[in-house]
Amino acid sequence: MAWRPKFIWTLHMSATSTHACGLIALAILAILTILCVHVNSEPWIPEAADVQYGSLDCNVTLACSSSLPRSLAEWRLNGSTPVPGQTGLGLDGGLTLVNTTQHMEGIYSCHDEEGNVVHAVKLYLGRAPEPLNVSCRMVNHHVVRCFWKPLVNTYLPSKYIATYRYDNHVKTCHQEPSKPNECTIGNPPMWYHTVTMNITEVNPLGTASTRIQLQFHKLLRPDPPEAVTLEPVAGQPRKLRVSWRYPSSWPQGSAFPLHFQLRYRPVGSNIWSERITTGTTVMITDMVSGHPHLIQVQAGDELSFGSWSEWSPELLALPWIEASPTTKEDPAYELFTEPITIEPTELPVEKTKGVGVLVCLGLLAGVILLMLCTLIILLWVRQKRRDCMMKRELASMMSMQRVKI
């Protein structure tokens, strides 16, 4: 019986091979299923399709073919059927979408009774342009930059045309392809009182223009000074050297210089001290010894065009302090030290007592007035009762006299 184990081993190998083949077949079937699902999930796109734009929340009609009867026309969206949303077919097989929404965008195809594509159109939905929010900045005499932002999302690609007009001259405001929402005017005409800026937005559903009036001599506003540096002066507890640089946006060596305004105050005080200078360094000589100060600088055109820049960020500075612990501080230090401690005096106590006496007298006067009012009311009621009794007695006496007669 030596053949028997060999026969059993052969049967085992056959069963194992059959099981392996079954697993391979199942794996291939699963892969094909996944591929089919992936392919079917892709939107159907015909090779050639027209492009059409429509307005949201409106009715949009898609044409099919005048030769195709209405009863034989069938519309599909991205290759699927039926078309979602409220629709209607025209006599020529055209499709009308009612009250369109964003999810109705896609590729619409019109098919005949055999399923052949008669016409296909790619539909984009959005809104016509509306006025823009436009603002302009002028940080020096040589450049004006204007920016705009749509107030309504059109959902469609837009193009912007920027121009400016002065003295019957219309010029283009330069635009960079990488910055579609801004433009630059080089060497602006400062000598003209008013310049009209016009920004026109164009998309497939229409155009909209926004105009603003600019006065360049008032629009000018430099950037704040840069690199503000604070330096204590050795041996001078009430001095501080402050220096800064022109803003990088202001051309160096320009024919239009800047002047600067410096302000500073001790920490704990609300009163600023201010100084105006044409230089970039100032020596402060009236600091409060041993006390920190807040310091800021702003820039403005020396010819008084436009307005001052914003203040530079607040910086905290401490004047020079002698290393010896026996240094006598400036008497003004106590005015700004936080927290401020006030020693008790007799004046606040007297004020408090006076207020208490006034309150007590007021309460006493109120009680007395209430008692007088109550007494008057009681006397009045008592008198009324007496008058009533007198009238009744007189009436009874009159009636008795009449009976005797």
Looking at the stretch 274-291, which of its residues are in a strand (DSSP E or B) and over 18 Å from Glu231 (Cβ atoms)? Glu274, Ile276
Has the stretch 204-213 got at least one residue that is farther than 25 Å from Glu310 by Cα, in contact with a strand residue (DSSP E or B) (Cβ under 9 Å, 6 or more places away or on another chain), part of a loop (DSSP other than H, G, I, E, B) and not aromatic (Phe, Trp, Tyr)? yes
Counting only residues that are surrounded by 19 or more Cβ atoms within 10 Å (Cβ to Cβ) and of a type in the set (A, V, I, L, M), which one in the stretch 275-316 is farthest from Gln236 (Cα to Cα)? Ala299
Within the stretch 136-154, track down each residue that is surrounded by 15 or more Cβ atoms within 10 Å (Cβ to Cβ) and in a loop (DSSP other than H, G, I, E, B). His141, His142, Thr154
Which ones in the stretch 214-239 are in contact with a strand residue (DSSP E or B) (Cβ under 8 Å, 6 or more places away or on another chain) and part of a loop (DSSP other than H, G, I, E, B)? Gln215, Arg221, Pro222, Asp223, Pro224, Pro225, Val233, Lys239
Going through the stretch 188-230 in order, the residues found to be of a type in the set (Asp, Glu) and either buried (at least 17 other Cβ atoms within 10 Å of the Cβ) or modelled with pLDDT under 95 (or both) are Glu201, Asp223
Condition check: in contact with a Leu (Cβ under 6 Å, 6 or more places away or on another chain) and either part of a strand (DSSP E or B) or at negative phi (or both). Does Met190 satisfy that? no
If I ask for residues that are touching a strand residue (DSSP E or B) at 6+ places or on another chain (Cβ under 6 Å) and not basic (Lys, Arg), which ones from the stretch 260-270 would you list? Phe260, Gln261, Leu262, Tyr264, Pro266
Scanning the stretch 193-203 for residues that are within 20 Å of His174 (Cα to Cα) and assigned to a loop (DSSP other than H, G, I, E, B) gives Thr194
Does Glu334 qualify as being out of contact with any strand residue (DSSP E or B) (no Cβ under 8 Å at 6 or more places or on another chain), outside any loop (DSSP other than H, G, I, E, B) and either modelled with pLDDT under 55 or not hydroxyl-bearing (Ser, Thr, Tyr) (or both)? yes
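In the stretch 241-273, what residues are in a loop (DSSP other than H, G, I, E, B) and among the polar types (S, T, N, Q)?
Scanning the stretch 241-273 gives Ser248, Ser249, Gln252, Ser254, Ser269, Asn270.
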If Asn133 passes every condition in (1) touching a Lys or Arg at 6+ places or on another chain (Cβ under 6 Å); (2) closer than 30 Å to Gln215 by Cβ; (3) surrounded by 15 or more Cβ atoms within 10 Å (Cβ to Cβ) but one, which one does it miss? (3)
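The values are calculated or read from the model by the stated rules, or taken from the named source; none is laboratory data. Since the model is a prediction, treat every value here as computed from it, not as a measurement. In this analysis, Cβ positions are derived from the backbone assuming ideal geometry, glycine residues included, and neighbour counts consider all displayed protein chains.
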